[in-house]
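Trainee: The structure under discussion is supplied below as structure tokens; questions concerning it will follow.
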Amino acid sequence: MTGPMAPAVAGALDEAAIRQSIANRGEPNWLTSLRARAWEQYAATAWPTGAEEEWRRTPLRDLPREAPLLTDAEGEVSALDPDSVARGVVFADLGVAVREHPDLVRQALEADPPGPATHAPFWHLARAAWTAGTFLHVPAGVSVDLVLRSRTAAERAGTAFFPRTIVVAEANSTVTLLDEFTSADGQPSWFGGTVDVRVGPGARVRYANLQRLGDQTWNIGAQRVEVGPDAEVTTLNAQVGSLVTKLGLDVLMSGRGGTSRLLGIMAAGDDQRIDINSLQDLSGSNTTSDLLYLSALYDRARAVFYGSTRVRSEAKQTSSFQECRNLLLSPKAGAEPIPVLEIETNDIVRCGHGATAGALDPVMMFYAQTRGLSADEAERMIVRGFFERAVAQIGSEAIRAHVLAALSARIGSEQVG
């Protein structure tokens, strides 16, 4: 990445402000040192200039960089069942986990891998400035039957907030997590959430991220998912709120025989901008990685999806596909699906892509209305069915119902705009 070094995030969010906020939390020395190191990495890392292909559609000139750091937020997590607790599962707000499980959290934080290269400065900033988040650790061989839920909220608008989610699923474990983020409406805010999911050999993880941020929030987020040998990971990103969302998502298929499903749904209206960069990086042989992202766009909303699939030369017999479909529900809405394939080997099973952007099928509308539905009702039904294709693949009825309920306020022209 070229360009100027990362700014000191002038004014309310500089190194002194972060040090002061952390000092007030009474954290252990090892964590203070990790934060200081992360800030040094942030300060030494170039911000996007806008000339990069991944960034030229989302300029950062209006990002509210002087918003003060939100320091008093704390995540909420659902209760674990007694058997999971007895078998060593840890599920807590990240700050609480630091106090109650310091050795386990320290091990996870010190092993902190690099995030998506496209979002490197923001990954480092979140590592330095986080004040809330979620920590989930599932020991080897443990299956958590309940759908775990976490909610992290920025209750005050006009702030900067950098929550972190860390999920560690050890070998042959199983877990499902619904991770929800909300923030207040009304003032320009900066949300810089990061997600780090590490899945060990043979583990099974389902992770759903529901973003319901305020109407003036800039969401500059990053996610990293590492899939171990014979592991299976399904992720779902549901983008509902924010003014601007710029998400970097890396899925690293480093273990032989691993499987990943990347699912995404975006419902946007007014002047929302949603810009997703994904990387499916296949370095392990006999791996499978499929992606499906769907958007429904009203009013003047725009969605960009820049998806890269990279098959490394050492990877043999891999299968990968990326698909991006966009419904334009207003003549002023727009979408740019941009698939990219980088194939360094001839020994593959499949590698392809598909992308579309267009209006609702008039034949589908006609048939829906012949069954007594109004035009608006028919449109909502079709859009909901469109999203069902992705949401159903998460494999959890609880997550499906919760996500579709959140989307309902964004589906239908009279409810958006």
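The values are calculated or read from the model by the stated rules, or taken from the named source; none is laboratory data. If you're wondering where the values come from, they're calculated on a predicted model, not measured in any experiment. In this analysis, Cβ positions are derived from the backbone assuming ideal geometry, glycine residues included, and neighbour counts consider all displayed protein chains.
Trainee: Exactly one of these conditions fails for T131: (1) within 24 Å of D215 (Cβ to Cβ); (2) hydroxyl-bearing (S, T, Y); (3) in a strand (DSSP E or B). Give me its number.
Mentor: The one condition T131 does not meet is (3).
Trainee: Any idea which residue in segment 375-414 is surrounded by the most Cβ atoms within 10 Å (Cβ to Cβ), counting only those that are among the β-branched types (V, I, T) and in contact with a helix residue (DSSP H, G or I) (Cβ under 7 Å, 6 or more places away or on another chain)? Before you say what the answer is, go through the steps one by one.
Mentor: The first filter runs over segment 375-414 and keeps only residues among the β-branched types (V, I, T), leaving 382-383, 391, 394, 399, 403, 411.
Right, trim to in contact with a helix residue (DSSP H, G or I) (Cβ under 7 Å, 6 or more places away or on another chain) and you get 382, 391, 394, 403, 411.
Working: I382: 20, V391: 22, I394: 22, V403: 24, I411: 22.
Looking at residues that are among the β-branched types (V, I, T) and in contact with a helix residue (DSSP H, G or I) (Cβ under 7 Å, 6 or more places away or on another chain), I get V403.
Trainee: Still on this model: If only one of R198, R156, R151, R206 is over 16 Å from T235 (Cβ atoms) and assigned to a strand (DSSP E or B), which one is it?
Mentor: Details: R198 fails: over 16 Å from T235 (Cβ atoms); R156 fails: assigned to a strand (DSSP E or B); R206 fails: over 16 Å from T235 (Cβ atoms).
After applying the criteria, what remains is R151.
Trainee: Given E15, E52, E27, which one is modelled with pLDDT of 90 or more and among the acidic types (D, E)? It would help to see each step written out before you state the result.
Mentor: Working: E15 fails: modelled with pLDDT of 90 or more; E27 fails: modelled with pLDDT of 90 or more.
Checking each option against the conditions leaves just E52.
Trainee: Can you tell which of A203, A184, A171, A231 is among the aliphatic types (A, V, I, L, M), more than 21 Å from G307 (Cβ to Cβ), surrounded by fewer than 23 Cβ atoms within 10 Å (Cβ to Cβ) and in contact with a strand residue (DSSP E or B) (Cβ under 8 Å, 6 or more places away or on another chain)? Steps first, answer last, please.
Mentor: Values: A203 fails: surrounded by fewer than 23 Cβ atoms within 10 Å (Cβ to Cβ); A171 fails: in contact with a strand residue (DSSP E or B) (Cβ under 8 Å, 6 or more places away or on another chain); A231 fails: surrounded by fewer than 23 Cβ atoms within 10 Å (Cβ to Cβ).
Matching residue, one of A203, A184, A171, A231: A184.
Trainee: Could you tell me which residue of segment 68-106 is surrounded by the most Cβ atoms within 10 Å (Cβ to Cβ), considering only residues that are more than 17 Å from T165 (Cβ to Cβ) and among the hydrophobic types (A, V, I, L, M, F, W, C)?
Mentor: Per the criteria, the residue is L69.
Trainee: Which one of L104, L146 is touching a helix residue (DSSP H, G or I) at 6+ places or on another chain (Cβ under 9 Å), of a type in the set (A, V, I, L, M), assigned to a strand (DSSP E or B) and in contact (Cβ under 8 Å) with a residue 24 or more places away in the chain?
Mentor: Exactly one residue qualifies, and that residue is L146.
Trainee: Could you please find all residues in segment 236-250 being surrounded by 24 or more Cβ atoms within 10 Å (Cβ to Cβ) and at pLDDT 95 or above?
Mentor: L236, N237, A238, S242, T245, K246, L247, G248, L249, listed by residue number.
Trainee: Hey, A315 hits all of (1) crowded, with 19+ Cβ neighbours inside 10 Å; (2) closer than 27 Å to A406 by Cα but one; which does it fall short on?
Mentor: (2)
Trainee: Please go through segment 373-387 and pick out each residue that is closer than 13 Å to L327 by Cβ and of a type in the set (D, E).
Mentor: E379
Trainee: Restricting attention to segment 323-336, report how many residues are surrounded by 20 or more Cβ atoms within 10 Å (Cβ to Cβ) and not in a strand (DSSP E or B).
Mentor: So the count comes out to 2.
Trainee: Let me ask you something else. Every residue in segment 253-299 that is more than 25 Å from T58 (Cβ to Cβ) and aliphatic (A, V, I, L, M), please.
Mentor: M253, L282
Trainee: Taking segment 349-364 as the search range and keeping residues that are surrounded by fewer than 16 Cβ atoms within 10 Å (Cβ to Cβ) and touching a strand residue (DSSP E or B) at 6+ places or on another chain (Cβ under 9 Å), which one is nearest to N286 (Cα to Cα)?
Mentor: Across segment 349-364, the extreme among qualifying residues is V349.
Trainee: Of L373, L360, L341, L407, which residue is in contact (Cβ under 8 Å) with a residue 60 or more places away in the chain and not β-branched (V, I, T)? Walk me through how you get there before you give the answer.
Mentor: On the way: L373 fails: in contact (Cβ under 8 Å) with a residue 60 or more places away in the chain; L360 fails: in contact (Cβ under 8 Å) with a residue 60 or more places away in the chain; L341 fails: in contact (Cβ under 8 Å) with a residue 60 or more places away in the chain.
That would be L407, the only listed residue that is in contact (Cβ under 8 Å) with a residue 60 or more places away in the chain and not β-branched (V, I, T).
Trainee: Filter segment 62-80 down to the residues that are touching a Ser or Thr at 6+ places or on another chain (Cβ under 9 Å), of a type in the set (A, V, I, L, M, F, W, C) and assigned to a loop (DSSP other than H, G, I, E, B), then identify the one that is nearest to V142 (Cα to Cα). Talk me through it step by step, then tell me what you get.
Mentor: Here is the first cut: in segment 62-80, the residues touching a Ser or Thr at 6+ places or on another chain (Cβ under 9 Å) are 64, 67-78.
Filter once more, keeping what is of a type in the set (A, V, I, L, M, F, W, C): 67, 69-70, 73, 77.
Then keep just the ones that are assigned to a loop (DSSP other than H, G, I, E, B); that gives 67, 70, 73.
Values: A67: 42, L70: 35, A73: 30 Å.
Looking at residues that are touching a Ser or Thr at 6+ places or on another chain (Cβ under 9 Å), of a type in the set (A, V, I, L, M, F, W, C) and assigned to a loop (DSSP other than H, G, I, E, B), I get A73.
Trainee: Would you check which residues across segment 165-187 are among the polar types (S, T, N, Q) and on the phi > 0 side of the Ramachandran plot and list them?
Mentor: Taking segment 165-187 first, the residues among the polar types (S, T, N, Q) are 165, 172-174, 176, 182-183, 187.
The one that is among the polar types (S, T, N, Q) and on the phi > 0 side of the Ramachandran plot: N172.
Trainee: Does segment 297-306 contain at least one residue that is within 24 Å of the chain's Cα centre (by Cα) and either more than 19 Å from S242 (Cβ to Cβ) or surrounded by fewer than 16 Cβ atoms within 10 Å (Cβ to Cβ) (or both)?
Mentor: no
Trainee: Another one. Which one is nearest to the chain's Cα centre (by Cα) among residues in segment 28-48 that are among the small types (G, A, S) and not in a helix (DSSP H, G or I)? Lay out the reasoning, then the answer.
Mentor: Within segment 28-48, the subset among the small types (G, A, S) is 33, 36, 38, 43-44, 46.
Still in the running and not in a helix (DSSP H, G or I): 44, 46.
Details: A44: 25, A46: 22 Å.
Ranking the qualifying residues of segment 28-48, first place goes to A46.
Trainee: Which of the residues that make up segment 72-89 are touching a helix residue (DSSP H, G or I) at 6+ places or on another chain (Cβ under 9 Å) and of a type in the set (D, E, K, R)?
Mentor: E74
Trainee: Is it true that some residue in segment 83-92 is outside any loop (DSSP other than H, G, I, E, B) and modelled with pLDDT under 95?
Mentor: Taking segment 83-92 first, the residues outside any loop (DSSP other than H, G, I, E, B) are 83-86, 90-92.
Next, only the ones that are modelled with pLDDT under 95 stay: none.
No, segment 83-92 has no match at all.
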